[in-house]
Amino acid sequence: MAQASGVTALHRLALGALLAASAFVGSAAQSAMQEWGRPLGTEYAGPEVRMRAVMPAAPLEQEESHTIQIFERTAPSVVFIINSALMHQLFSRNVYEVPQGAGSGFIWNQEGYVVTNYHVVHNADSLTVVLADQTEHEARVVGADPDHDLAVVQIQVPREKLSPMPVGSSHDLKVGQKVLAIGNPFGLDHTLTTGVVSALHRSIESMTKRTIENVIQIDPAWEGYSCGDRRCTATRFSGPALGCRGGDHRTGRSRGSR
């Protein structure tokens, strides 16, 4: 009987300890729930606000260095082009400009010639070219080939301010070669995407419904767009330009026009 009484007392002690532990855990959990998401405040000095160790930057790989060098060398040659229309106010004779399109182009030479897509300058009453230094310059169309979606505009700028894009040959391209797409579609800063030549000798339809032959298909994405009014300059991994980027308006696939 004494042994049974001792066992019962032991069980009671164990049960009491278990209940106490459960109460403690429950209280701690409730306290943690109350603390979760609470603002630390400007006077808080706990471990969460202490500076963590910063890992040193890894050295650039050779391909990364090459890509950076090409971008830094060629980006100043890529410009932003604004296409504006002249509008008349309804109840007055005042005339004002309204942007109706924009795109990218690249500097061809130091005489101020800029190559772009025809649809970028189509139906423009006024054209403005924004250089890499953010200066704006009036432009005029001096040549256009709507059937191939190409156009040339000219600006009046001192020669030393212009950095012509090196021009390469597309005749020896191979599918799989690396391509860099550099553009300035929104006039804020240059953007770079990379990819490869995914096909050669393709055909697309121009704005005039004429077929453009021998088109180079490239795969880099461009600001979420693969066709439309935002274009870039496609360059080989060695640097020279391949051409202005066009697009198949029926499929949305990005292409590079020679």
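The values are calculated or read from the model by the stated rules, or taken from the named source; none is laboratory data. These figures come from a predicted structure and were not determined experimentally. Cβ atoms come from the backbone with ideal geometry, glycine included; neighbour counts cover every protein chain shown.
Among (1) exposed (fewer than 15 other Cβ atoms within 10 Å of the Cβ); (2) among the polar types (S, T, N, Q); (3) at pLDDT below 85; (4) more than 25 Å from residue 131 (Cα to Cα), where does residue 170 come up short?
Of the numbered conditions (1) exposed (fewer than 15 other Cβ atoms within 10 Å of the Cβ); (2) among the polar types (S, T, N, Q); (3) at pLDDT below 85; (4) more than 25 Å from residue 131 (Cα to Cα), the odd one out for residue 170 is (1).
Taking interchain pairs and intrachain pairs at least six residues apart, which have beta carbon atoms under 9 angstrom, with the first residue in region 86-97 and farther than 19 Å from residue 123 by Cα and the second outside any loop (DSSP other than H, G, I, E, B)?
Between residues of region 86-97 that are farther than 19 Å from residue 123 by Cα and residues that are outside any loop (DSSP other than H, G, I, E, B), the close pairs are 89/95; 89/96; 94/88.
For region 192-208, what are the residues that are more than 16 Å from residue 147 (Cβ to Cβ), of a type in the set (Gly, Ala, Ser) and either in contact (Cβ under 8 Å) with a residue 24 or more places away in the chain or exposed (fewer than 13 other Cβ atoms within 10 Å of the Cβ) (or both)?
Within region 192-208, 195, 199 qualify.
For residue 140, all conditions in the list (1) more than 26 Å from the chain's Cα centre (by Cα); (2) among the basic types (Lys, Arg); (3) not in a strand (DSSP E or B) hold save one; what is the number of the exception?
Result: residue 140 passes all but (3).
Hey, among the residues in region 168-191 that are of a type in the set (A, V, I, L, M) and touching a residue at least 40 places away in the same chain (Cβ under 8 Å), which one's farthest from residue 70 (Cα to Cα)? Talk me through it step by step, then tell me what you get.
Residues of region 168-191 of a type in the set (A, V, I, L, M): 173, 175, 179-182, 188.
Among the residues that remain, those that are also touching a residue at least 40 places away in the same chain (Cβ under 8 Å) are: 173, 179-182.
Numbers: 173: 18, 179: 11, 180: 9, 181: 11, 182: 10 Å.
Here the residue is 173.
Considering only residues that are touching a helix residue (DSSP H, G or I) at 6+ places or on another chain (Cβ under 7 Å), without any contact (Cβ under 8 Å) to a residue 60 or more places away in the chain and not in a loop (DSSP other than H, G, I, E, B), which ones fall in region 102-134?
107, 127
From the list 192, 188, exactly one residue is assigned to a strand (DSSP E or B), among the aliphatic types (A, V, I, L, M) and within 25 Å of the chain's Cα centre (by Cα). Which is it?
Details: 188 fails: assigned to a strand (DSSP E or B).
When all the criteria are applied, what remains is 192.
Is it the case that some residue within region 119-135 is within 23 Å of residue 164 (Cβ to Cβ), touching a Leu at 6+ places or on another chain (Cβ under 9 Å), among the hydroxyl-bearing types (Ser, Thr, Tyr) and surrounded by 13 or more Cβ atoms within 10 Å (Cβ to Cβ)?
Checked against the condition, which is being within 23 Å of residue 164 (Cβ to Cβ), touching a Leu at 6+ places or on another chain (Cβ under 9 Å), among the hydroxyl-bearing types (Ser, Thr, Tyr) and surrounded by 13 or more Cβ atoms within 10 Å (Cβ to Cβ), region 119-135 yields no hits at all.
Out of (1) over 29 Å from residue 211 (Cβ atoms); (2) of a type in the set (A, V, I, L, M, F, W, C); (3) touching an Asp or Glu at 6+ places or on another chain (Cβ under 8 Å), the odd one out for residue 131 is which?
For residue 131, the failing item is (3).
Looking at region 72-94, is at least one residue assigned to a helix (DSSP H, G or I) and exposed (fewer than 13 other Cβ atoms within 10 Å of the Cβ)?
Initial filter on region 72-94 (assigned to a helix (DSSP H, G or I)): 72-77.
Next, only the ones that are exposed (fewer than 13 other Cβ atoms within 10 Å of the Cβ) stay: 72.
The answer is yes; a qualifying residue exists.
Given (1) closer than 30 Å to residue 108 by Cα; (2) among the charged types (D, E, K, R); (3) at pLDDT 90 or above, identify the lone condition not met by residue 61.
Here residue 61 clears every test but (1).
Does at least one position in region 132-139 carry a residue that is out of contact with any Phe, Trp or Tyr (no Cβ under 8 Å at 6 or more places or on another chain), modelled with pLDDT of 85 or more, polar (S, T, N, Q) and closer than 26 Å to residue 86 by Cα? It would help to see each step written out before you state the result.
Quick first cut of region 132-139, residues out of contact with any Phe, Trp or Tyr (no Cβ under 8 Å at 6 or more places or on another chain) only: 132-139.
From the residues that got through so far, the ones that are modelled with pLDDT of 85 or more too are 132-139.
Narrowing further to those that are polar (S, T, N, Q): 134-135.
Next, only the ones that are closer than 26 Å to residue 86 by Cα stay: 134-135.
There is at least one residue in region 132-139 that is out of contact with any Phe, Trp or Tyr (no Cβ under 8 Å at 6 or more places or on another chain), modelled with pLDDT of 85 or more, polar (S, T, N, Q) and closer than 26 Å to residue 86 by Cα.
Do you know which residues across region 95-111 are surrounded by fewer than 21 Cβ atoms within 10 Å (Cβ to Cβ) and either closer than 23 Å to residue 186 by Cβ or not aliphatic (A, V, I, L, M) (or both)?
Selection gives 96, 97, 98, 99, 100, 101, 102, 108, 109, 110, 111.
Can you report the number of residues in region 160-185 which are closer than 29 Å to residue 122 by Cβ and outside any loop (DSSP other than H, G, I, E, B)?
Going through region 160-185 one residue at a time, the tally reaches 7.
Tell me whether region 173-186 contains one or more residues that are surrounded by fewer than 16 Cβ atoms within 10 Å (Cβ to Cβ) and at pLDDT below 85.
yes
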